[in-house]
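Below is one structure, written out as structure tokens, with a few remarks after it.
The values are calculated or read from the model by the stated rules, or taken from the named source; none is laboratory data. Everything numeric in this text was worked out from a predicted model, so none of it was measured. Cβ coordinates were reconstructed from backbone atoms using ideal geometry, including for glycine residues, and neighbour counts include every protein chain displayed. In case anyone asks, the SASA skips ligands and DNA or RNA and just uses the protein heavy atoms, side chains included. Shrake-Rupley method; radii C 1.70, N 1.55, O 1.52, S 1.80 Å.
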Amino acid sequence: MHLIHKFCIGSVVLLMLLCKAAYADEAAPPEKNFTDGFRLGGYTSAGITVPRQSETTATINEISLILTWESESRFKFFSELELENPLSWDDDNKFNTKQSYVDLERFYLDYSLSDKVNLRGGRFLTPTGRWNQLHASPLVWTSSRPIATSRLFPKAANGVMAFGAIPLGNSAIDYAIYVETLKDLDQDDDDDDLRFRNAKGARIAFGQQANIGLNLMSFDERNIFNTRHHMLGLDFITTHRGIEFLGEAFQRWDTHNNKSGYGAYLQTAVPLPVGTNWFGIARIETFHRPDEGHQQRWLVGTTWRVKPTQLLKLEFTGGSADQPESPRGFLASFAVLF
């Protein structure tokens, strides 16, 4: 992470210099301080997991702090620092912090050329599908994440991106084009740690009643063969009579045009006729990697939107195999956006 730390520090210094210059040019009252544009927020969640074949655990899943800066200039700043698994409990270790670590999830600077063209530099989530971009606990229906959205492609990149929206009739086409320019050196020796690098890709999304996304991506995966992959992805979200339907599908090929993995899921959220803001959740998944074989999963559960910023989730997951982000068994969590 040494290069990323230097990049982060350099980005902050550049932001301060640019914004200071912009501020100096605005002599008209009322005067605004540089610090007036900063906003601090974040989210957290805690949960209990009762797996089928291992011991019960209770965990504070994450504490995420989000710092943003925005003024009347064309520049915007966004950063997200996340403390993962800061505190856990199980029968063997009792309360412990063995799985805790700090993750600089996002750190970037935006510059707006126009409503149609924006530039971004820094560390950002790859705009691949939908779950990867809106995965914060208070923004998704379930405690567990679909396998296809976490084990097939890089979830973040350190580089540059151009994005915006092009008007099309009464709607618009959203686009994003990105390339990784700085490698992430913070890699441990965990066998389950998938190591991606040299990512580049594009995404377009269109439609109002049913929003559809198309994703193209290529990247290297550090493994025994150090394979280069190309990936095509499709996703959609729509609502019919208050029922939400969401789905994503991905297919990978290696440089020899051989299929090197795929994954998909379909999820629905149905308002329940009991209580207030209770929803029934159902999801089916399929997933395949050459080194992991084929897996199929299913999920049923319920989510209570206690407040717009608070979600209580109860779910049961079954199917084949276990994954760190999607264990089979019962999961309950409570998420808060602040």
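Worth pointing out:
- Applying 1/(1 + (r/R0)^6) with r as the Cβ-Cβ distance of Glu84 and Leu232 and R0 = 35 angstrom yields a FRET efficiency of 0.70.
- Nonpolar atom fraction for the chain, defined as the carbon and sulfur part of the 1.4 Å probe accessible area, stands at 60 percent.
- An ellipsoid equivalent to the chain, defined through the eigenvalues of its Cα gyration tensor, has semi-axes of 33, 25, 23 Å when rounded to whole angstrom and sorted largest first.
- J(HN,Hα) series, the stretch 236-249, from Karplus relation 6.51 cos²θ - 1.76 cosθ + 1.60, nearest Hz, glycine and proline x: 7, 8, 8, 10, 9, 6, x, 9, 8, 10, 9, x, 9, 9
- In nm, spacing of pseudo-spin labels at Leu312 and Glu55 (7 Å Cα→C-beta vector): 2.8
- With respect to the chain, whose longest principal axis is taken over its alpha-carbon atoms, helix 2-25 is tilted by about 40°.
- Around Arg283: net Lys/Arg minus Asp/Glu count, Cβ-Cβ under 10 Å: -1
- DSSP-assigned coil residues among trypsin sites (Lys or Arg not before Pro) in the stretch 195-260, each with at most 10 further Cβ atoms within 10 Å: Arg241
- Per-residue ellipticity at 222 nm computed for the chain from its helices equals -2500 deg cm²/dmol, with DSSP H segments shorter than 4 residues left out and the rest contributing -39,500 (n - 2.57).
- Of Lys155/Lys200; Lys200/Lys259; Lys76/Lys116; Lys98/Lys313; Lys116/Lys200, pairs whose Cα-Cα distance is over 23 Å: Lys98/Lys313
- Entry comment: accessible area of the stretch 195-238 is 52 Å² per residue, from protein heavy atoms only and a probe of 1.4 Å.
- Integer Hz, Karplus 6.51/-1.76/1.60 couplings in order for the stretch 291-302, x for Gly and Pro: 8, 10, x, 9, 9, 10, 9, 9, 9, 9, x, 9
- The length gained by stretching the chain between Arg74 and Ala321 to full extension, at 0.36 nm per residue less their Cα-Cα distance, is 84.1 nm.
- Surface analysis of the stretch 33-191 yields an accessible area of 51 Å² per residue, using protein heavy atoms and a 1.4 Å probe.
- Once the C-beta distance of Leu134 and Asp291 is scaled by a Förster radius of 30 Å, the resulting FRET efficiency is 0.55 to the nearest 0.05.
- Between Thr255 and Asp174, the FRET efficiency estimated from the beta carbon spacing at R0 = 25 angstrom works out to 0.25.
- For the stretch 97-138, the alpha carbon convex hull comes to 117 Å³ per residue, rounded to a whole number.
- Dipole-positive endmost among Ser320, Ala205, Val270 within the stretch 204-338 (Cβ charges, Cα centre): Val270
- Among Asn277, Asn132, Asn158, residue whose mean-square fluctuation peaks in a GNM of the chain (springs only between Cα atoms under 10 Å): Asn277
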